[in-house]
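> What follows is a single structure, and I will ask about it in a moment.
The values are calculated or read from the model by the stated rules, or taken from the named source; none is laboratory data. The model shown is predicted, which means the values in this text are computed figures rather than measured ones. Methodologically, a virtual Cβ is constructed for each residue, glycine included, from the backbone with ideal geometry; neighbour enumeration extends over all protein chains shown. Surface areas here come from the heavy atoms of the whole protein model, side chains and all, with no ligands, DNA or RNA. Shrake-Rupley method; radii C 1.70, N 1.55, O 1.52, S 1.80 Å.
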Amino acid sequence: MIVHLHTAVSEAQASQIAAQIQALYFHDGQRYVLVTGAKDNSLEGVDSRLLEGHWIMDSDIQLASRKYMPQKRTVRIGDGITIGGDTDHTMMITGPCSVESLEQIEVCAQLCVEQGVKMLRAGAYKPRTSPYSFQGMGLEGLRLLDRMREKYQLKVITEVRDATHVEDVIAFADVIQIGAKAMYDQGILRRCASAGKPVLLKRGFGATLQEFVQAAEFMLSGGNSDIVLCERGIRTFETKTRFTLDLCGVAYLKEFTNLPVILDPSHAMGYAYGVADLARACTAMGVDGLLIESHPNPKVAKSDASQQLDHAEFRALMQSLHPIAAAVGRKMI
Ligand code: PEP
Ligand code: MN
């Protein structure tokens, strides 16, 4: 159950009511909001004069649900850029899997500027499947991304792998990416709830839609309303592609949640040859954004080499996406 308290209710009163009905609470900028488990919907003993409204929910997809907030949330990324809401933007995010050097990331930043892409992606802390693979440049990588932001006026999205560097990522990123493998990390989710920055939450490849959105609820219920969901493929019985992009799941998220949705066909496909076709299909679904891995020379990429588009392929892809976005009433930015 979600409960809105009257705007005049103080923090002390809110915390006392929250304890009484065993709720989490946060301030949404206008009032204190209390959230109990979906099945606990008793307001017995609470002074009704302190209440503004309440919603009884049928599952723990609560703050993220359209039942609670019928309109899609608008997520502001620094000054001037918004996704979701009624913006009708499909925001392109591109860049390499990992920051590898100044030279490499600079060419990537220049591609963004040339193509009108506002957000550069690249990981500095990589959650690799093998401990012997390249693990990312760490803090030095964050500093290189920071330089690109300054020099090219780009927004930067980069991922947090674990709790050891969450503060550094929060400090440097415009958007914090929580990767598929970190989706269940309670420490990261709870810390990002109060990060004061937008978060892109990727779906764990073994997570149901319910589990995925509940992970987002950890941050929403901690007071961070700027959460974007990212479908990046789930593991199925299929082995010819790296993962299976769950477009049915995307339709569900669009219908039943109020969170902007971004699609990542690169990690789903795992091979560059399919990424452009998938990106076009995703754009036709009218989603809020796309995340595409691109690299100046994918063959020598230190992570995810097989799936990254080279820059010529990326340019051709962008050309083809603009009319598709327009055909579904959106603008590719
Ligand atoms: C990435 O974006 O490079 C990445 C590691 O993605 P995921 O968490 O979806 O595997
Ligand atoms: Mn990657």
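> Tally the residues that are under 22 Å from Asn297 (Cα atoms) and either within 16 Å of ligand 1 (Cβ to nearest atom) or open to solvent by less than 40 Å² (accessible area, probe 1.4 Å) (or both), restricting the search to the range 131-148.
Here the count works out to 11.
> How many of the residues in the range 183-201 are within 16 Å of ligand 2 (Cβ to nearest atom) and surrounded by fewer than 24 Cβ atoms within 10 Å (Cβ to Cβ)?
1
> Which residue out of Val107, Val75, Val117 is open to solvent by 40 Å² or more (accessible area, probe 1.4 Å) and under 30 Å from Asp304 (Cα atoms)? It would help to see each step written out before you state the result.
On the way: Val75 fails: open to solvent by 40 Å² or more (accessible area, probe 1.4 Å); Val117 fails: open to solvent by 40 Å² or more (accessible area, probe 1.4 Å).
Result of the check over Val107, Val75, Val117: Val107.
> Output the residue which, of all residues in the range 255-303 that are open to solvent by 30 Å² or more (accessible area, probe 1.4 Å) and within 30 Å of Glu103 (Cβ to Cβ), is nearest to ligand 1 (Cβ to nearest atom).
Lys302
> Ok, one more. Pairs under 9 Å by beta carbon, first residue of a type in the set (S, T, N, Q) in the range 12-30, partner in a helix (DSSP H, G or I), six or more apart or different chains?
Gln13/Leu50
> What do you reckon, is Pro96 in contact (Cβ under 8 Å) with a residue 40 or more places away in the chain, within 16 Å of ligand 1 (Cβ to nearest atom) and surrounded by fewer than 24 Cβ atoms within 10 Å (Cβ to Cβ)?
For Pro96, the condition - in contact (Cβ under 8 Å) with a residue 40 or more places away in the chain, within 16 Å of ligand 1 (Cβ to nearest atom) and surrounded by fewer than 24 Cβ atoms within 10 Å (Cβ to Cβ) - is not met.
> Given the criterion away from ligand 1 (no atom under 15 Å from the Cβ), aliphatic (A, V, I, L, M) and touching a residue at least 12 places away in the same chain (Cβ under 8 Å), identify the matching residue among Ala207, Ala193, Ala182, Ala173.
From the options Ala207, Ala193, Ala182, Ala173, the qualifying one is Ala193.
> Every residue in the range 17-65 that is under 29 Å from the mean Cα position of the chain (by Cα), in a loop (DSSP other than H, G, I, E, B) and of a type in the set (Val, Ile, Thr), please.
Thr36, Ile56, Ile61
> Take the conditions in contact (Cβ under 8 Å) with a residue 12 or more places away in the chain, under 30 Å from Gln210 (Cβ atoms), among the aliphatic types (A, V, I, L, M) and surrounded by fewer than 20 Cβ atoms within 10 Å (Cβ to Cβ) and apply them to Leu247. Does it pass?
For Leu247, the condition - in contact (Cβ under 8 Å) with a residue 12 or more places away in the chain, under 30 Å from Gln210 (Cβ atoms), among the aliphatic types (A, V, I, L, M) and surrounded by fewer than 20 Cβ atoms within 10 Å (Cβ to Cβ) - is met.
> Still on this structure, I have one more. Determine the pairs where a residue that is among the polar types (S, T, N, Q), located within the range 221-233, has a partner that is part of a strand (DSSP E or B) and surrounded by fewer than 22 Cβ atoms within 10 Å (Cβ to Cβ) with Cβ atoms under 8 Å apart, the partner being 6 or more residues away or on another chain.
Pairs found: Ser221/Leu24; Ser221/Phe26.
> Using beta carbons and a limit of 8 Å, which pairs, at least six apart or on different chains, have the first residue in the range 301-326 and within 16 Å of ligand 2 (Cβ to nearest atom) and the second one open to solvent by 40 Å² or more (accessible area, probe 1.4 Å) and of a type in the set (Lys, Arg)?
Qualifying pairs under 8 Å: Ser303/Arg128; Ala305/Lys299; Gln307/Arg242.
> Considering only residues of the range 142-196 that are in a strand (DSSP E or B) and of a type in the set (A, V, I, L, M), which is farthest from Gly223 (Cα to Cα)?
Out of the qualifying residues, it is Val156.
> Given the conditions (1) open to solvent by 10 Å² or more (accessible area, probe 1.4 Å); (2) at pLDDT 95 or above; (3) within 13 Å of ligand 1 (Cβ to nearest atom), and given that Arg128 satisfies all but one, which numbered condition is not satisfied?
(2)
> Quick one: is Thr241 within 16 Å of ligand 2 (Cβ to nearest atom), at pLDDT 95 or above and of a type outside the set (Lys, Arg)?
Criteria met by Thr241.
> Restrict the check to the range 161-176 and report whether at least one residue is surrounded by fewer than 17 Cβ atoms within 10 Å (Cβ to Cβ), among the polar types (S, T, N, Q) and out of contact with any His (no Cβ under 9 Å at 6 or more places or on another chain).
Yes, the range 161-176 contains at least one residue that is surrounded by fewer than 17 Cβ atoms within 10 Å (Cβ to Cβ), among the polar types (S, T, N, Q) and out of contact with any His (no Cβ under 9 Å at 6 or more places or on another chain).
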